[in-house]
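The values are calculated or read from the model by the stated rules, or taken from the named source; none is laboratory data. All of these numbers come straight from a predicted model, not from anything done at the bench. Cβ sites come from the backbone with ideal geometry, for glycine too, and all protein chains shown count toward neighbours. Surface areas here come from the heavy atoms of the whole protein model, side chains and all, with no ligands, DNA or RNA. Shrake-Rupley method; radii C 1.70, N 1.55, O 1.52, S 1.80 Å.
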Amino acid sequence: MTRGLTPDEPLTAVEVLTAMVAMFDSGDPTYADRVVAADYLDHQGFGQGPMRGVDGFALVVTANYAGYEQHVVTIEDMFGTIDRAVARIRWQGRRPDGEYVDRQTIDIIRVENGRAVEHWGARA
């Protein structure tokens, strides 16, 4: 990720969502504070209620990554407006018990000042 690493260079909604998906793919939320706002609200979370803030987002990324021995997360389709981006995301991988996962989600983010402030997600 080269753009948006400084406050002078805010990312577009599509760039923010692309960066978020890259973190899920790598399992590394190091730059989460560059794309997720301090008051971020993930309405989906772990499916058990909302997650909040940069730490909440980072927890979802690392927990998801830990649930696989190997996996790939890719954007199949994406479009955006000034403050929103929507993507169909494909999650493929093998869990530690050998189960192969191939699923898709629809994810929507709302962005303010180059950072995600809300996320909604559902299985496609």
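A compact table of results
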quantity	calculated
Gly93 vs. criteria under 24 Å from Pro10 (Cβ atoms) and either in contact with a helix residue (DSSP H, G or I) (Cβ under 6 Å, 6 or more places away or on another chain) or modelled with pLDDT of 95 or more (or both)	no
The lone exception for Ala38 - which of (1) open to solvent by less than 70 Å² (accessible area, probe 1.4 Å); (2) outside any helix (DSSP H, G or I) it fails	(1)
Matching option when the condition is out of contact with any strand residue (DSSP E or B) (no Cβ under 8 Å at 6 or more places or on another chain) and either outside any loop (DSSP other than H, G, I, E, B) or within 19 Å of Val14 (Cβ to Cβ) (or both), among Ala63, Ala122, Ala116	Ala63
Enumeration of residues in region 41-69 that are open to solvent by 30 Å² or more (accessible area, probe 1.4 Å) and among the charged types (D, E, K, R)	Arg52, Asp55, Glu69
Region 1-33 - residue that is at pLDDT below 95 and charged (D, E, K, R) and, of those, nearest to Met78 (Cα to Cα)	Arg3
Among the residues listed as Gln92, Gln44, Gln48, the single one being over 14 Å from Thr18 (Cβ atoms) and in contact (Cβ under 8 Å) with a residue 24 or more places away in the chain	Gln44
Breaking point among (1) out of contact with any strand residue (DSSP E or B) (no Cβ under 9 Å at 6 or more places or on another chain); (2) open to solvent by 30 Å² or more (accessible area, probe 1.4 Å), for Val72	(1)
Residue list for region 75-96, restricted to those being within 16 Å of Asn64 (Cβ to Cβ) and loosely packed, with under 14 Cβ neighbours inside 10 Å	Arg94, Arg95, Pro96
Residues of region 12-30 that turn out to be surrounded by fewer than 15 Cβ atoms within 10 Å (Cβ to Cβ), part of a loop (DSSP other than H, G, I, E, B) and of a type in the set (Ser, Thr, Tyr), as a count	1
Scan of region 79-113 for residues that are among the acidic types (Asp, Glu) and part of a strand (DSSP E or B), ordered by number	Asp102, Asp107, Glu112
Residue list for region 52-73, filter: closer than 18 Å to Ala122 by Cβ and either out of contact with any Gly (no Cβ under 9 Å at 6 or more places or on another chain) or of a type in the set (Asp, Glu) (or both)	Phe57
